[in-house]
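The values are calculated or read from the model by the stated rules, or taken from the named source; none is laboratory data. For clarity, every value in this text was computed on a predicted model and none was experimentally measured. Counting neighbours? That spans all protein chains shown, and the Cβs are built from the backbone with ideal geometry, glycine included. Note: areas computed on protein heavy atoms with side chains; ligands, DNA, RNA excluded. Shrake-Rupley method; radii C 1.70, N 1.55, O 1.52, S 1.80 Å.
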Amino acid sequence: MSTAHSITRRAADALRADVTGRVFLPGDLGYDQARQTWMLTVNQRPAMVVEAASTADVAAAVRFARSYGLRIAPQGTGHGAAPLEPLESALLLRTSRLRGVRIDPDTRTVRAAAGALWQDVAVPASDHGLAGLAGTSRDVGVTGYTLGGGIGWLARRYGLAANSVTAAELVTPTGQLVHADLEHEPDLFWALCGGGGSVGVVTALEILLYPVTELYAGVLFFPVQRAADVLNSWREWTTSVPDEVTSIGRIVRIPPLPTVPNQLRGRAFALVEAAYVGEKGAGADLIAPLRKLGPEIDTFATIPASALSQLHMDPTEPVAAVGDGTLLTDFPAAAADALVGLAGADADTMLISIEVRHLDGALRRPEADGSALPSIDASYALYGSGVAAAPEAVATVAEHAQALKAALAPWHANYSFYNLADTPAPAQALLPPEAYQRLKQIKTSYDPDDAIISAHPV
Ligand SMILES: Cc1cc2nc3c(=O)[nH]c(=O)nc-3n(C[C@H](O)[C@H](O)[C@H](O)COP(=O)(O)OP(=O)(O)OC[C@H]3O[C@@H](n4cnc5c(N)ncnc54)[C@H](O)[C@@H]3O)c2cc1C
């Protein structure tokens, strides 16, 4: 494979003439902006950046990279950039300009171009009384999130986003544009659904939408001193709720920013966040045992599906975040206590958010047609993150995230989850063993030179 030095200005100019998007080499004006990711702690320095403006640009960039011996790293927002390997010998293929979204209310599907964000889908889908299986954040990319599985607020009711993909359009490592679904290129389709993006550069996904217009959803805020009581009550409660309820038990330390409301600013809380696909009356009955604990703030109300992206209070601007997570087989009292020991009121931690997501429900039921990740064989997911205000703080925040994971090691599942693994990890650590073996065969067959770099290598 070539290094950055082998891409001459003349070669870059030839590519520029071939694409409608933009091409940058190190040193070019605009290179630093083009290589920037949502995760401000990531400092990727690719040999070249192409900001594709069309599917044809993606194909041209792939062919160019292959002819110059560069590997190819597809990227939309860069929310998932933390685990990526160094890109010095790679062409970074940004899809962030490809944001087109087309809703088909008859088939209840959306066709989302590779760079579309979930907010691009949520609003037009809601005009048709439909919702997609978005995650907690409105500006995470549909493509990266979905290829990695995708666990959102409707997950216990409708499963992983990856298992709602009906078709994908991608440029293969040889530069061919292909359509993949259950009948055409079924191996590629299988590998993309939950297996990450290692077999090509996706240019669009077609995904099912669901008839969800409103939900009963909200957050209960308790002072962090009550974390043990709240997390233990929440975890017991999760064992009895129907699949229509997806919820998160969480400890947060809210920064003292002027933009934060007075009541929250600079304080720490134990939270229960939940979304119920159903009506207010039944939702209030379900939440009642947690309400009885006497939250300081209670935001539960009937909300439109498009407002779900505000429930988790994810940052909307790029952040110098450091985090990591994994899957848990269970979250018993001892696990909750271990978590509170590391993140409760008296803890000395740089993590500002520690969350446990309740899984099971539809996430546990294997999809009939199969995908690289047909179901999740774990009942909870753990994720902890902090902000590194200065580069020197990155290592300390990372240590705290690893300490959190280690404290819950007795309950780790056999494999982790693609989208939550922010430290470099091979795909082998993130998929069931049989799925990984098949993914490896497909990768070898379609990409024998390992030209496509994915967040977690195969
Ligand atoms: C604030 C925040 C909230 C999150 N919430 C959730 C959540 O609720 N549920 C959940 O499951 N995950 C969640 N995640 C994790 C998120 O889903 C992953 O980081 C995901 O990879 C982001 O996708 P992206 O396209 O935005 O990121 P990118 O960094 O652009 O892409 C991530 C990876 O996806 C692959 N990829 C992207 N585009 C293509 C393409 N066109 N072709 C082939 N491969 C491609 C590449 O391997 C790339 O490295 C969250 C992350 C953050 C930072």
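Miscellaneous remarks
- L177 vs. criteria surrounded by fewer than 24 Cβ atoms within 10 Å (Cβ to Cβ), farther than 22 Å from L84 by Cα and within 13 Å of the ligand (Cβ to nearest atom): yes
- Looking at L87, L92, just one residue is free of Cβ contacts under 8 Å to residues at least 60 places away in the same chain, under 18 Å from D450 (Cα atoms) and under 21 Å from the mean Cα position of the chain (by Cα), and that residue is L92.
- Taking (1) touching a Cys at 6+ places or on another chain (Cβ under 8 Å); (2) part of a loop (DSSP other than H, G, I, E, B) in turn, N163 satisfies each apart from (2).
- For first residues located in segment 50-68 and touching a residue at least 60 places away in the same chain (Cβ under 8 Å), partners that are acidic (D, E) and open to solvent by less than 50 Å² (accessible area, probe 1.4 Å) and lie 6+ apart or on another chain with Cβ distances below 9 Å form the pairs T55/E169.
- Matching option when the condition is in contact with a Leu (Cβ under 6 Å, 6 or more places away or on another chain), open to solvent by 30 Å² or more (accessible area, probe 1.4 Å) and at pLDDT 95 or above, among D298, D285: D298
- Out of A112, A168, A122, one residue alone is within 11 Å of the ligand (Cβ to nearest atom) and under 17 Å from the mean Cα position of the chain (by Cα). It is A112.
- Tally, over segment 200-246, of residues that are open to solvent by less than 20 Å² (accessible area, probe 1.4 Å) and within 30 Å of A168 (Cα to Cα): 12
Residue by residue, here is whether (1) at positive phi; (2) open to solvent by less than 10 Å² (accessible area, probe 1.4 Å); (3) part of a strand (DSSP E or B); (4) out of contact with any Asp or Glu (no Cβ under 8 Å at 6 or more places or on another chain) holds:
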{"residue": "V50", "(1), (2), (3), (4)": "no, yes, yes, no"}
{"residue": "A53", "(1), (2), (3), (4)": "no, no, no, yes"}
{"residue": "F64", "(1), (2), (3), (4)": "no, no, no, no"}
{"residue": "G78", "(1), (2), (3), (4)": "yes, yes, no, yes"}
{"residue": "A82", "(1), (2), (3), (4)": "no, no, no, no"}
{"residue": "L87", "(1), (2), (3), (4)": "no, yes, no, yes"}
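- Among the conditions (1) away from the ligand (no atom under 11 Å from the Cβ); (2) over 15 Å from the mean Cα position of the chain (by Cα), the only one that G132 does not satisfy is (2).
One line per residue, one yes/no per condition, for (1) of a type outside the set (G, A, S); (2) in contact (Cβ under 8 Å) with a residue 60 or more places away in the chain; (3) in contact with a Ser or Thr (Cβ under 6 Å, 6 or more places away or on another chain):
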{"site": "K280", "(1), (2), (3)": "yes, yes, yes"}
{"site": "I297", "(1), (2), (3)": "yes, yes, no"}
{"site": "S306", "(1), (2), (3)": "no, yes, yes"}
{"site": "A336", "(1), (2), (3)": "no, yes, no"}
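- The condition (being under 28 Å from V387 (Cα atoms) and not basic (K, R)) is satisfied by just one residue among G129, G78: G78.
- From the list E392, E399, the lone residue that is over 23 Å from E85 (Cβ atoms), acidic (D, E), outside any strand (DSSP E or B) and open to solvent by 20 Å² or more (accessible area, probe 1.4 Å) is E392.
- All positions within segment 351-374 that are outside any strand (DSSP E or B), open to solvent by 20 Å² or more (accessible area, probe 1.4 Å) and of a type outside the set (K, R): D360, P366, E367, A368, D369, G370, P374
- Those residues of segment 89-139 which are assigned to a strand (DSSP E or B) and open to solvent by 30 Å² or more (accessible area, probe 1.4 Å), in sequence order: V101, R102, I103, D104, R111
- Residue list for segment 93-104, restricted to those being in contact with a helix residue (DSSP H, G or I) (Cβ under 6 Å, 6 or more places away or on another chain) and of a type in the set (A, V, I, L, M, F, W, C): L93, V101, I103
- Beta carbons closer than 6 Å, at least 6 apart along the sequence or on distinct chains, pair a first residue in segment 426-451 that is open to solvent by 90 Å² or more (accessible area, probe 1.4 Å) with a second that is aliphatic (A, V, I, L, M) for K440/V458.
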